[in-house]
Amino acid sequence: MIGGPERQARAGARTVVPADRAAAATAPATPYRGFLSYALAESARHPTDERRRSAVLADPGSLQPATTDCAILPPAVLIDLDPAGEAAQVDAIAPDPALADGLADLRAQDTAVFWISRLSAAEAGTLRRHLVETGLDPAGRDILLLMRRAGDRKQLRREELARSHCLLAIAGDKRADFDELYSYLRDPAAASALEVLIDRGWFLVPTPPETKED
């Protein structure tokens with residue numbers, strides 16, 4: 001389990017990714033470039049750095065951009081697999097070598113990678129095999145946040161993650177992938193204050209099935 005004794009023992013001796021390797025991970029070949037670059041830079045911050053903040057709102061559902069204090073929680077990133085309004089189609093998730101390289105760099109920095117979807121937890125095995133086959137999670141060690149029971153919501157899974165990890169960055173194809181408040185707004189302009197978080201923890205990207213190499 002990520003965050004266990006072995007991981008805590010490594011916290012003071014994290015691998016530093018060379019600048020040329022980091023640049024390769026954020027090459028224009030992937031629309032995840034900004035997400036990867038930001039997460040890699042934030043993962044290099046010392047756990048006591050007061051600028052180290054989570055991408056999860058301190059008060060979920062709030063219209064103010066205050067985010068959760070990470071304290072010394074281990075770093076993580078989250079990628080939403082669902083196209084807008086739908087659950088992911090596992091077989092449609094395509095390889096993205098540049099994204100795969102960037103995620104490898106984050107793992108080398110001891111940053112955990114999480115994948116989230118409305119898919120049922122019963123689909124975990126199928127999804128994991130596909131992430132391995134596409135090279136997005138070649139070792140099959142990333143954590144899947146899927147729906148475990150009737151009434152489960154991605155918002156709840158994000159909040160649970162924020163209690164165990166410093167969620168540096170979230171990648172999704174719509175704003176509701178960052179906080180479900182966007183699903184209930186009558187006037188989107190009411191959340192204008194939250195726009196400062198776009199590209200600073202919240203990253204709007206195509207879902208993995210839509211990613212293409214240039």
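The values are calculated or read from the model by the stated rules, or taken from the named source; none is laboratory data. Note that the structure is a prediction, hence the values are computed from the model and not measured. As a convention, Cβ positions derive from the backbone with ideal geometry for all residues, glycine included, and neighbour counts pool all protein chains shown. Ligands, DNA and RNA are excluded from the accessible area calculation, which covers all protein heavy atoms including side chains. Shrake-Rupley method; radii C 1.70, N 1.55, O 1.52, S 1.80 Å.
Name the residues whose placed amide hydrogens come within less than 5 Å of the amide hydrogen of ALA112, ignoring near sequence neighbours (fewer than 5 apart) on the same chain.
Correct list: ALA76, VAL77.
Hey, what's the range 42-136 come to in accessible area per residue, 1.4 Å probe, Å²? Mind showing how you got there, number by number?
Values: 3990 Å² over 95 residues.
Dividing the accessible area of the range 42-136 by its residue count gives 42 Å².
Counting only protein heavy atoms, what percent of the accessible surface of the range 67-176 is carbon or sulfur at a 1.4 Å probe?
53 percent
Can you classify the range 150-207 as rounded, prolate or oblate using the Cα gyration tensor, where a ≥ b ≥ c are the square roots of its eigenvalues, rounded means a/c under 1.5, and otherwise it's prolate if a/b beats b/c and oblate if not?
Oblate is the answer for the range 150-207, as a/c is 1.5 or above yet b/c matches or exceeds a/b.
Taking 7 Å along the Cα-to-C-beta vector as the label spot, tell me the VAL196-ALA122 distance in nanometres, rounded to one decimal.
4.5 nm
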